[in-house]
C-alpha cells in the first residue's frame, strides 16, 4: 500500500483544488461569469476549430500576377531611361517572363546597355539567398536586340516578399473579426492558411480577405495638359486617372511605378503637426 506524507497529501489536494478553480469557468456561460465577483477566475479554455467549428480557408498566391506587374513596370522604365539618354528604339514589348527592345542605331547599343544596367543589378533581399538576388538577366546575343528576362531566383524572391506582406495584411483583417485566437500561418512558398474558430459564416471571411488593397506611387505627367489628353490620346506610358472628388478631377499620370507597397517597410497613421489633419507616415 502506498504511503504519502501529510505534506505531500496537502500539496496534492492544493493542486487538485487549483485545477478545479481554474477549470470551473468552462462550466458556465459568458453571461453567468460576467455576474461573478472580479476575484473569481473567468478565463475560459479556447476551443480549436475541431471542437467548436469555425471557418477554414487556404489562400494561394498567383505568381503570374506578380510577373505581369513587374513586366509593365520594367517596360515603362526601359522607355523612360532610353528617352532620357536620347537613344532611339523600337519594338518595346513584354511577354511571358521577358521584355525586349531593339536599338535602332547599332552604335548606341553599348550606351543603351549602360542606361539599362540597373535592371540587372542585384537587389537587396535581406536574409533571402545570401542578402542579394539578381532579379533580371540580359540576353544581347541578337544584333541590336536587348532581352531582359526574369530569373527563377528573382521570381522566388518577389513571391516570398509579397507573401510575407500578404500575411501581415491577412492577420490584421482577421483580427478585426473579434474572434478568439485565429490562426494565420504560411504554408509552403505560395500559400496562407487561415483558421477562425467560432466563425460560422465563411462567406464573411471570404469577403474580408477578398478585398483588394494595392498601393503605388506614380508621377504626374506634365508633358501635356490633361485636357489635351482627354480630347486626344495620352502620351505613351501615361494614363488619365480620376480623383474621388465630387465632381471627379482628371489627372495625367505616368504608368511607371516609382514606389510600390512592397518597397515600404512600415506605415503608420498619424497627424500633421501643422494642420492637425490625419496623414499616413511611411
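Please treat every number below as a calculation from the coordinates, not as lab data. Please read all numbers here as calculations on a predicted model, not as lab measurements. With ideal geometry, Cβ positions are generated from the backbone for all residues, glycine too; neighbour counts draw on all protein chains shown.
Okay, here's what the table says:
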| item | result |
| --- | --- |
| Euclidean distance of C-alpha centroids, region 70-112 and region 186-241, integer Å | 26 |
| Inter-label distance for residue 5 and residue 110, nm, one decimal - labels placed 7 Å from Cα along Cα-to-Cβ | 9.2 |
| Gain on full stretching of the segment that runs from residue 140 to residue 72 - 0.36 nm per residue minus C-alpha separation | 22.4 nm |
| Nearest-0.05 FRET efficiency for residue 152 and residue 172, computed from C-beta distance (R0 35 Å) | 0.65 |
| Extension reserve of the residue 19-residue 209 stretch, reckoned as 0.36 nm per residue once the Cα distance is removed | 64.4 nm |
| 168, 72 arranged by Cβ crowding within 10 Å, fewest neighbours leading | 168, 72 |
| Cα gyration tensor shape for region 216-281, rounded if a/c is under 1.5, else prolate or oblate | oblate |
| Footprinting exposure proxy for 7, 217 (fewest neighbouring C-beta atoms within 10 Å first) | 7, 217 |
| Two-site FRET efficiency, residue 231 against residue 121, from Cβ-Cβ distance with R₀ of 35 Å, rounded to 0.05 | 0.30 |
| Burial ordering of 78, 57, 258, fewest other beta-carbon atoms within 10 Å first | 258, 57, 78 |
